[in-house]
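Down below is the structure, laid out as structure tokens.
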Amino acid sequence: MTKRITLADVAADAGVSAKTVSDVIHHRGRMREETRERVRNSMRALGYTTNLAARTLRTGSAKLIGLAIPNFAQPFNGNYADIVTSYAWAKGYRVSITTYHRLSQGLRELSADAYRFGVDGWIFLTDTPIPAQDNFLNQDRPVVLTGDYLSHGVADTIMFPNVEASQTATTRLFELGCERIGFIGAPANADSLDVTTQQLDAALTAQEGNSAMRLRGHLTALLQHNRSPLPSLVGACTRLDRSDGEKATLRLLDAGAQFDALFCANDAVALGAMSALTSRGLRIPEDVQIIGFDNTPDAAFSSPRLTTIDPFTEQYAQMAVDCLISRLEGDETAPTVHITDFALIERDSTRH
């Protein structure tokens, strides 16, 4: 085991007293800002972490959880934050919510200053992969990762059943008589929104990322029904929102793609796809059947009402809170991956 970095180590590296380091950690004391920043830089460089259990016994917990999300633009994010907040309150914890979409380095940049927020621990909702090397999930307090990316064993991770649920959705469309099923919301290539055969082949082994794993589940279902995955029936999105869903669907239509169903990476993309189809005079579900993913509140009020995968977002949020509280209460077992259940909610965008 590597030697634990102590407060004295940080003090020596920064050229200050141990009390000064303690004052920086607890946001107290009078000193020049450059001194505070020098101490923070030493903490980061040395990888200093506080002994949370000892600190809690000594000072008591703030009973405050931090929740970092990309933004509130996605319907899922707001719904998720609401559930986390309500459940945490029921458990006796308050929640401090912050967004990181305007930061140039996103969640990495926020995590570098996470200690400033004064929370007992963090729930991170990430929209990009976490690096295996230089893993910024190593914090001075517990972290639970959500967002369907891997933590590489550093933190407890909560994931949706993306592959299995997507297989179920696509299989259901075959059961409903569909023959040519498209997918909207594939991960975008860095240089192009065109999807290639090579990308589809790679997608069959995806291990993280909700868009990638949902595409994997869709492609797996196609192969199970003896259908060859076709790039012409897959639309890529740079963002999984309504606008991109509409644009991706219009690109397929303009390219002459023939399909009688669409499975979409999330509900926002599905709502955009529905807008594109109706703008071209196609009826839902008579001409094209559609299934989304997330069962967001908007899905029940769209016209027609959207059939969607319910990945049990409430269970997802509760798992995250329970894992974090368990860590705060002293659980030191190895980090694990937790996966929710799911159900297909059939509404008016499919025939049934």
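The values are calculated or read from the model by the stated rules, or taken from the named source; none is laboratory data. Given the structure is predicted, the values throughout are model-derived calculations rather than measurements. Here the Cβ is made from the backbone with ideal geometry for all residues, glycine too, and neighbour counts use every protein chain on show. For accessibility, only protein heavy atoms count, side chains too; no ligands or nucleic acids. Shrake-Rupley method; radii C 1.70, N 1.55, O 1.52, S 1.80 Å.
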Spin-label pair Asp254/Asn135, simplified geometry with 7 Å Cα→Cβ offset, distance in nm: 4.3 nm
Most positive-pole-ward Cα, Cys178, Ala188, Leu262, against dipole of the chain from beta carbon charges: Ala188
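Relative contact order, percent, of region 193-299 when contacts are C-alpha pairs under 8 Å separated by at least 6 residues?
Reported as a whole number, the value is 23 percent.
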Candidates per trypsin sites (Lys or Arg not before Pro) in region 58-144, loop by DSSP, up to 12 other Cβ within 10 Å: Arg102
Residue-by-residue Karplus 3J(HN,Hα) for region 228-234, coefficients 6.51, -1.76, 1.60, Hz, glycine and proline x: 7, x, 10, x, 5, 10, 10
Distribution of pairwise C-alpha distances over the chain, 20 Å bins, in %: 29, 48, 20, 3
Residue of Ala169, Ala81, Ala212 that the Gaussian network model of the chain assigns the largest fluctuation, springs spanning Cα pairs under 10 Å: Ala81
Residues Thr278 and Ala18, FRET efficiency given R0 of 56 Å [Cβ-Cβ distance, rounded to 0.05]: 0.25
Cβ crowding within 10 Å averaged over residues, with 242-251, 326-335, 281-290 ranked highest first: 242-251, 281-290, 326-335
Residue among Ile158, Ile184, Ile97 with the largest mean-square fluctuation in a Gaussian network model of the chain, springs linking Cα atoms under 10 Å: Ile97
Residue of Thr340, Thr35, Thr171 that the Gaussian network model of the chain assigns the largest fluctuation, springs spanning Cα pairs under 10 Å: Thr35
Scattering curve values for region 239-352, log₁₀ I(q)/I(0), Debye with Cα scatterers, q = 0.09, 0.20 Å⁻¹: -0.32, -0.97
Kirkwood Rh in Å, taken over region 80-200 so that all alpha-carbon pairs contribute: 17.5 Å
Computed label-point distance, nm, for sites Leu7 and Glu37 using a 7 Å Cα→Cβ extension: 2.5 nm
Share of pairwise Cα separations in region 170-315, more than 19 Å, in percent: 46 percent
Two-decimal Rg/Rh across region 64-126, once Rg and the Kirkwood Rh are taken from alpha-carbon atoms: 0.96
Accessible surface, the chain, averaged per residue in Å² (probe 1.4 Å): 46 Å²
Arg227 paired with Gln207, simple spin-label distance in nm, labels 7 Å along Cα-to-beta-carbon: 2.9 nm
